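Here is the structure we will look at.
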Amino acid sequence: MNPIRVILLLTCGIALNCNLYAQKKLVAEGNKLYQDKKYQEAAAAYQKALTEKPDYLPGVFNLGNSLIQQKQYEAARKTMLSAEKLTTDPSVQANANYNVGNSFMEEQKWEEAIEAYKKALRKNPNDEAAKYNLSYARAMLKKQEGGGGSDNKQDQNKEDKQDQDQNQQNNNQDEQKDQQEQQQDQSSQNNQQEQQEQQEQKPQPQPSKLTEQQAEQLLNALAQEEKKLHDKKDKQKGTPVNREKDW
């Protein structure tokens, strides 16, 4: 059987008054006693811390742990479920239900343990210890029932179907991601091909077909025309034309 995982809440925050400071101090003392395996003394320290403020979460949660170690399982479960209601933190709620499941495991109450671990996994689906203990409790329940009756098989089939649906959903998400990546790759390839086609469609400079002598004659003719134009402008009177400079 998987060893019980012990989860102690550490005190935290700024002490706003003497009572809160005293509570934190008592819980810290209880934690030290718990680590020394003095569970009864630890429980007394936690209970004393809760005298002034019964809803002080670290005191309530750790008191539940100390009661489990003293094999006071019913009281421990009641305390743990009280701690669960004092917070909206999913990780703390998951740990509370995990410890409730462990208390049921100690009493070999497999069905109750299974439900507690399920609740823990709904709050924290990545809890490997809860997954392991859930599988163990299911196996022990099946062994206890001699292979399981029809009702148990139906429940198991339902749970297996839920697992399959979750796996299918994950696979569908992976496929969608792959399709998106393929579409992006195809789009990139299309853009590259389009750019290449546009580049190919641009008019390319044609090589000159004039001979060296013809080119020289053409240049001389252009020079003569330009000279005639300047001479004509010099003879004209009036305002000169200002050319705008191109950018």
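Among all positions in the range 98-118, there is at least one residue which is assigned to a helix (DSSP H, G or I), outside the structural domain of Q72 (by TED's automatic domain parsing), within 22 Å of the chain's Cα centre (by Cα) and over 19 Å from I68 (Cα atoms). Among the conditions (1) at pLDDT below 95; (2) surrounded by fewer than 18 Cβ atoms within 10 Å (Cβ to Cβ); (3) under 29 Å from N126 (Cα atoms), the only one that K25 does not satisfy is (3). Against the conditions (1) closer than 20 Å to S82 by Cβ; (2) at pLDDT below 95, N99 satisfies every one except (2). Scanning the range 91-118 for residues that are charged (D, E, K, R) and touching a residue at least 24 places away in the same chain (Cβ under 8 Å) gives E106, E107, E111. For the range 64-90, which positions are in a helix (DSSP H, G or I), free of Cβ contacts under 8 Å to residues at least 24 places away in the same chain and either over 21 Å from R122 (Cα atoms) or of a type in the set (S, T, Y) (or both)? E74, A75, T79, S82 - these are the residues of the range 64-90 that are in a helix (DSSP H, G or I), free of Cβ contacts under 8 Å to residues at least 24 places away in the same chain and either over 21 Å from R122 (Cα atoms) or of a type in the set (S, T, Y) (or both).
The values are calculated or read from the model by the stated rules, or taken from the named source; none is laboratory data. The structure presented is a predicted model; accordingly, all values stated were derived computationally and were not measured. Don't worry about glycine lacking a Cβ; one is built from the backbone with ideal geometry, like all the others, and counts go over all protein chains shown.
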